[in-house]
Amino acid sequence: MAQTANATTTRPPFRHRRLRQADGGSLVLRTDGTIAAHTADGTVEQLWLEDEPGWAARAIRFGIRPRTATVKPGRPDPVARPADR
């Protein structure tokens, strides 16, 4: 029986993808957003987390631009009322 997606199922923020390199190694984008550089024999040579400086340089190869941190807006500033005339 096939499962159907509904509004309550959560999707990982990234899709698992692998880019092969000329030296036999590969870059792997994991579903948690980490990027791993694998050697030709499959061992992880280096790992970048999404908030690390080198992550954006590797993520662009997957077509992903770094997300900017956003802040939830607070209450609006009170509007100054003109003096009663």
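The values are calculated or read from the model by the stated rules, or taken from the named source; none is laboratory data. Just so we're clear, the structure is a prediction, and the values are computed from it rather than from any experiment. Reconstructed Cβ throughout: ideal geometry from the backbone, glycine too, with neighbour counts over all protein chains shown.
For region 58-75, the set of residues classified as of a type in the set (Val, Ile, Thr) and either under 11 Å from the mean Cα position of the chain (by Cα) or within 22 Å of TRP48 (Cα to Cα) (or both) consists of ILE60, ILE64, THR68, THR70, listed by residue number.
Go through region 30-57 and give me each residue that's over 17 Å from the mean Cα position of the chain (by Cα) and surrounded by 15 or more Cβ atoms within 10 Å (Cβ to Cβ). Result: HIS38, single match.
Of all residues in region 49-68, those that are on the phi < 0 side of the Ramachandran plot and part of a helix (DSSP H, G or I) have Cβ atoms under 8 Å from Cβ atoms of residues that are at pLDDT below 90 and loosely packed, with under 13 Cβ neighbours inside 10 Å, 6 or more apart or on another chain, in TRP55/PRO66; ALA56/ARG65; ALA56/PRO66; ALA59/ARG65; ALA59/PRO66.
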